Amino acid sequence: MSVTPLQALPLEVLRQRSSTKWRKYGDDVLPFFVAETDYPLAPAITRALTRAVELGDTGYTPPAPGIRESFVGFAARRLGWTIDPSHVFWTADVMMGVVEILRLVIEPGDRVVVMTPVYPPFFDTVEEAGGVVERVPLARSDSGWEIDLPAVESSLASGATAVLLCHPHNPTGTVHPPETLAALAELAERHGAVVVSDEIHAPLTHAPVAFTPFLAVSDAARRVGYAVTSTSKTFNLAGLKCAVMVAGGDRQADVLRRLPWEVEWRTGLFGALAHIAACAPESDDWVDSLLEALRLNLDLLAELLADHLPEARFVMPEAGYLAWVDLRAYGWGDDPAQTILESTKVAFHHGPFFGSEGVGHVRINIGCSPAMLREAILRVSDMVRS
């Protein structure tokens, strides 16, 4: 059965938004830097939030908002992941969940493995939890990126006590294969380390690639692991503040029960309502339409780069709507996004923010209209010619 791709909202409508994507720069800039998408909300979410506004339902989040039950159902349907409901907890956002888990499982000054290039808040998150970032770059090949298991083992053997995993990986879009994740879990267990897996982009895995949650790969993963995720990236809900923390087993669930009650209390009521609507079966068709729109835009980006920026190096992401593009061949310095912004009024994300491996790179958000994506690449192409 064919799927109709989701259509992005018109640019003149998007410029009325008040979020970071549309307020950081002026109206003369095309924004592709932050992980917000340009599509209408899933209808179930619009209905839930509209009803709440009509009722003046803007108070505190209740003790049992339904987040746990809805996520368990969503994980089973969309990710093939069976979760014990008693292992599910919630908080305001993924990075807050990561910080609070790390506070419980590491000691101040402990080293935490972070696989670069990686989502910039990973560095701050480890430090906020009292840890020290241990950078272990992903291994690069012509076909993409993978976890450097020998390097991770070396870090764990020398005393690192935790691994902060990004799966699917941001910015590369890598979906780590289950055999690699199982090997990582075995290394962590052998060295007495914990793995915390950020899986926020999981629902946006592109066929034929299959996503396997870290906690689903093996018994060892469940013994050492925690997962933190949210509907916020898939459904563009970052401003509403709701994320889920999943314990690998009863022992980890006991750890999460030690979290201050304020950690769950920080969850926004609108975030909870939107999360429940997003996780409902009636939103599945919307996700499928989104995935089709993203697939078409990724194909378009590959075509545009080949035709207009042939020296760019780009590997198709296996998940998400973020494209990691190597522009070093053009000699635009360590941070080509800054040069491009100044010359073309196109705002890509700054590669060096993701670690030293991001020098000469940009991250491009393709969760937009094909016309806007085309315009951006053509502007950069004009910069090459001039």
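Given a 10 angstrom Cα cut-off, can you work out which residue in V53, V194, V224 is the most mobile in a GNM of the chain? Looking only at V53, V194, V224, the largest GNM fluctuation is found for V53. Computed over neighbours whose Cβ is under 14 Å from that of D285, the net charge equals -2, Lys and Arg +1, Asp and Glu -1. Among the DSSP helices (H) of the chain, those spanning at least 24 angstrom by Cα along their long axis with an average Kyte-Doolittle hydropathy of 0.0 or more are 284-308; this is a geometric and hydropathy rule only. Of the peptides 336-345, 137-146, the ranking by mean beta-carbon count within 10 Å, highest at the top, reads 336-345, 137-146. Sorting V196, V3 by solvent-accessible area of protein heavy atoms yields V3, V196, largest first, with a 1.4 Å probe.
Per-peptide packing, taken as the mean over residues of other Cβ atoms within 10 Å, places 105-114, 171-180 in the sequence 171-180, 105-114 from highest down.
Each listed q (0.16, 0.21 Å⁻¹) maps to a log10 I(q)/I(0) for the range 256-318 from the Debye sum over equal C-alpha point scatterers, namely -0.74, -0.87. Shape class for the range 7-52: prolate, because the ratio a/c of the largest to smallest gyration tensor axis (alpha-carbon atoms, square roots of eigenvalues) is 1.5 or more and a/b beats b/c.
Applying 1/(1 + (r/R0)^6) with r as the Cβ-Cβ distance of V3 and A306 and R0 = 22 angstrom yields a FRET efficiency of 0.30.
What the Cα convex hull of the range 51-146 gives, in volume per residue, is 181 Å³. Surface composition of the range 51-137: carbon plus sulfur atoms hold 53% of the accessible area, using a 1.4 angstrom probe and ignoring ligands, DNA and RNA. Each peptide in 115-124, 251-260, 153-162 receives the mean, over its residues, of other Cβ atoms within 10 Å, and ordering these scores from highest gives 115-124, 153-162, 251-260. Tell me the net charge near C166. Cut-off is 11 Å between Cβ atoms, C166 excluded, with +1 for each Lys or Arg and -1 for each Asp or Glu. Value of the local net charge: -2.
Bridge orientation summary for the chain: considering DSSP beta bridges with both residues in this region, about 55 percent are antiparallel.
Distance from the C-alpha centroid of the range 315-386 to that of the range 6-64: 24 Å, rounded to the whole angstrom.
The values are calculated or read from the model by the stated rules, or taken from the named source; none is laboratory data. The structure presented is a predicted model; accordingly, all values stated were derived computationally and were not measured. Heads up, the Cβs are rebuilt from the backbone with ideal geometry, glycines too, and the neighbour counts pull from every protein chain shown. Side chains included, ligands, DNA and RNA excluded: accessible areas come from the protein's heavy atoms. Shrake-Rupley method; radii C 1.70, N 1.55, O 1.52, S 1.80 Å.
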